[in-house]
Amino acid sequence: MNEASLFCALNSSMITLQAKTRMKTNSTQVSYFTLRAYFDTGLLRYFYFMIILSLYILIICSNLLLIVVICMNRSLHEPMYMFLCSLFVNELYGSSGLFPFLLTQILSDIHTVSASLCFLQIFCVYSYVCVQFSTLAVMSYDRYLAICSPLQYNTHMTSGKVVLLIAVTWLPSFVAVSMTTYLSASLQLCGNTIHEVYCVNYSIVKLACSDTRVNNIYGLIVSAFFIFGPLIVILYTYMRILKVCFSGSKQTRQKAVTTCTPHLASLLNFSFGVCFEILQSRFDMKSRFDMSSVPDMLAILLSLYFLTCQPLFTPLLYGLKMSKIFNILYASNKKPPSKATHSHK
């Protein structure tokens, strides 16, 4: 009886050891990820491909146009437009981290992505979000100085400070997201299936069979610093701006409305898209709530909202609402009168 029990115990230990060894072996062999959110659309894939390609071309052209306009016109070499230029560059950067990938996946029959490309996309998308919130916070600070302290504006917002603020919006974001990507890439994974249309960091963390407490704590710290930190700055500056507007002149209120409306609209639009994506991926809305009535295509579009609509929304909004940019764009489209017309007159 004792021998039988000993044999069973040894056999059980061997099976457990083999299972752990197999799990460890599998975790080191994840060289690609499978994206399960894609579904067969038949010939409609070409229609979706053309729509996304057209949207991507429109995003590139609109953002590049405004970047060129700001860089080429000396009248726009002011702090506000320099921050706008940084914002447009970030829109190009973020959309380039998604659209080429989407276009490739739509035409593909097998929806897989290599691990290295997946982590590169995570870096691009997450750093885009961090830079976006940081830039919007810097722009709100710029508007606060321009409206609340117009006489000291040029003293406070020097060219050196503009360069420093732009660097602060980009460099810390890259450093923080690099660490996030490194921590995720270092995890031992026991699977390679992601239920998304692009690589999401938390979806990869959920595949880990090793301890993820460091990843979760660091992720919360980065989210608090780069999302809630800028939102607090924006809230404080707009409270001060509103206070000045209520006690100021009609001209001050008009200036505030003209320059702050596109900024607020851009902030609300981007915040909505990011919040929905966080709720959907982090808190698994599909399993917590009954979303069976929501079409798969609509769910995918909502998850991509902040990466597809914001890069197009931003240049259109600022190009139309900012009178200085609009006037330059309008003047450049007007044809100069011909020599024959001058000579006739």
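The values are calculated or read from the model by the stated rules, or taken from the named source; none is laboratory data. If you're wondering where the values come from, they're calculated on a predicted model, not measured in any experiment. Heads up, the Cβs are rebuilt from the backbone with ideal geometry, glycines too, and the neighbour counts pull from every protein chain shown. With ligands, DNA and RNA removed, areas are computed over all heavy atoms of the protein, side chains included. Shrake-Rupley method; radii C 1.70, N 1.55, O 1.52, S 1.80 Å.
So here's what we get for this one:
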{"quantity": "Which numbered condition Ile110 fails, given (1) open to solvent by less than 20 Å² (accessible area, probe 1.4 Å); (2) out of contact with any helix residue (DSSP H, G or I) (no Cβ under 6 Å at 6 or more places or on another chain); (3) of a type in the set (Val, Ile, Thr)", "calculated": "(1)"}
{"quantity": "Hits in the range 211-220 (condition: open to solvent by 40 Å² or more (accessible area, probe 1.4 Å) and either under 15 Å from Ser134 (Cα atoms) or outside any helix (DSSP H, G or I) (or both))", "calculated": "Asp211"}
{"quantity": "Residue match in the range 58-78 (condition: over 21 Å from Phe306 (Cβ atoms), touching a Lys or Arg at 6+ places or on another chain (Cβ under 9 Å) and assigned to a helix (DSSP H, G or I))", "calculated": "yes"}
{"quantity": "Verdict on Thr41 being closer than 24 Å to Val113 by Cβ and touching a Phe, Trp or Tyr at 6+ places or on another chain (Cβ under 8 Å)", "calculated": "yes"}
{"quantity": "Matching residues in the range 113-128 - criterion: being part of a helix (DSSP H, G or I) and either of a type in the set (Gly, Ala, Ser) or open to solvent by less than 20 Å² (accessible area, probe 1.4 Å) (or both)", "calculated": "Ala115, Ser116, Cys118, Gln121, Ile122, Val125, Ser127, Tyr128"}
{"quantity": "Which listed residue is among the aromatic types (Phe, Trp, Tyr), crowded, with 16+ Cβ neighbours inside 10 Å and part of a helix (DSSP H, G or I), from Tyr202, Tyr198", "calculated": "Tyr202"}
{"quantity": "Residue match in the range 145-166 (condition: of a type outside the set (A, V, I, L, M) and in contact with a Phe, Trp or Tyr (Cβ under 9 Å, 6 or more places away or on another chain))", "calculated": "no"}
{"quantity": "Residue within the range 132-150 that is surrounded by fewer than 14 Cβ atoms within 10 Å (Cβ to Cβ) and either touching a residue at least 60 places away in the same chain (Cβ under 8 Å) or assigned to a helix (DSSP H, G or I) (or both) present", "calculated": "no"}
{"quantity": "Ile59 being of a type in the set (A, V, I, L, M) and farther than 18 Å from Thr314 by Cα", "calculated": "no"}
